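Worksheet: the structure to be examined is printed underneath.
Values quoted throughout were computed directly from the atomic coordinates according to the rules given, and no laboratory measurement underlies them. Note that the coordinates shown come from a computational prediction; the quantities given were computed from them, not determined experimentally. In this analysis, Cβ positions are derived from the backbone assuming ideal geometry, glycine residues included, and neighbour counts consider all displayed protein chains.
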Amino acid sequence: AVQIEDEFQGLAYHTNLSSVAVYGGVESGPQERGLRGSADIVVATPGRLLDHMGTNSTKFENLDVLVLDEADRMLDMGFWPSVRRIVASLPPNRQTLLFSATMSDEVTQSASQIMRAPKMIRVGRDEGLASTIEHVGHLVPAADKAEWLGQFLKRTHGTSLVFVRTKRGADKLARKLTATGIKCAALHADRTQSERSAAYEGFKSGRFRALIATDIAARGIDIEGIGHVVNYEVPTSVDTYVHRVGRTGRAEAVGTAVTLVAPEELTALRSIEKTLNVKFAVTSPGGRGPGPKLEDMNA
């Protein structure tokens with residue numbers, strides 16, 4: 001919400017249009033004043049917007065356009081009932097736009113519940129992967145991944161977004177990397193809004209070489225110039241892989257998706273390769289050159 005509202009402020013700089021970002025974890029007073037001031041654009045998360053609507057802070061009888069972004073992730077995170085409640089209170093005569101990185105049957109069905117005869121526009125490849133992304137796999141035992149990642153970050157330039165599965169894992173890895181002199185921050189749902197903002201801004205400005213994030217916390221990150229996305233563990237689903245690596249290679253920029261693969265994770269990596277028709281360039285455990293082809297490796 002903050003990122004999108006920042007973009008709008010830049011686009012509308014020479015106009016009289018106003019905006020307000022509405023989200024949880026911060027004081028609601030400034031948001032309420034912005035809503036009562038009849039902002040032209042409201043960028044909101046579903047839960048906090050419902051809170052304001054419940055106190056009559058804002059009314060949308062003159063709404064022209066509704067935009068639902070990250071529809072697939074909102075479904076995954078259980079936000080859709082809140083979205084339905086919001087939509088039910090909006091004027092029926094409006095334009096509705098729904099954006100989703102992946103278009104599953106569930107997303108399509110959910111869209112049909114709130115849209116009338118929608119038109120589908122697909123941009124890019126069907127599987128949602130940018131053609132400018134190089135996909136690399138490194139064979140690394142689970143116990144050696146933190147050390148490998150530290151060496152990788154020290155010898156590469158630019159910033160790296162590192163995905164881990166759990167909040168505890170993000171904190172633990174961030175501490176290990178910091179102890180080796182690598183400036184990094186952890187980003188996950190248990191961090192306060194101020195901590196998340198500090199981590200995001202530090203990463204965006206280049207003060208942090210790496211951002212260690214969970215999928216939920218990093219889902220909406222849109223920062224130009226992220227050279228590497230690192231999967232610390234092999235993602236558990238193809239959709240997760242698509243969302244993660246989509247943080248790099250944006251707007252036709254070149255990017256690299258690095259996946260650290262322990263022996264027990266080879267089957268999951270094979271599944272991603274087959275489903276997305278991606279050929280991973282696999283290196284040996286020491287990272288010194290090409291290792292066996294994926295189809296030749298045994299878990």
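Taking each DSSP H run with n ≥ 4 as -39500 (n - 2.57) and averaging over every residue of the chain yields -10500 deg cm²/dmol at 222 nm.
Taking Cα centre as origin and charging only the Cβ of basic (Lys, Arg, +1) and acidic (Asp, Glu, -1) residues, the dipole magnitude of the chain rounds to 560 debye.
Which of Lys119/Lys279; Lys145/Lys183; Lys145/Lys279; Lys176/Lys204; Lys154/Lys279 have a Cα-Cα distance over 29 Å?
Numbers: Lys119/Lys279 33 Å; Lys145/Lys183 18 Å; Lys145/Lys279 22 Å; Lys176/Lys204 21 Å; Lys154/Lys279 26 Å.
Listed pairs above 29 Å: Lys119/Lys279.
Between the amide H of Glu134 and those of Gly255, Thr256, Ala257, distances stay under 5 Å, these residues lying 5 or more places away or on another chain, with hydrogens modeled in the peptide plane. Counting only Cβ charges, +1 for Lys and Arg and -1 for Asp and Glu, the dipole size of segment 203-282 around its Cα centre is about 220 debye. Amide H contacts under 5 Å for Thr102: Asp72, restricted to partners 5 or more places along the chain or on a different chain, H placed in the peptide plane at 1.01 Å from N.
How do 185-196, 29-40 rank on mean C-beta neighbours within 10 Å, highest first?
Details: 185-196: 17.7, 29-40: 15.2.
Going by the mean number of other Cβ atoms within 10 Å, highest first, we get 185-196, 29-40.
Taking segment 221-251 and a reference point 7 angstrom along Cα→Cβ of Thr267, the backbone N atoms nearer than 16 Å belong to 234-238. Extension gain for the segment Ala281 to Thr178, taken as residue separation times 0.36 nm less the Cα-Cα distance, is 34.2 nm to one decimal. The charge dipole of segment 90-177, taken about its Cα centre with unit charges on the Cβ of Lys, Arg, Asp and Glu (plus for the first two, minus for the last two), comes to roughly 380 debye.
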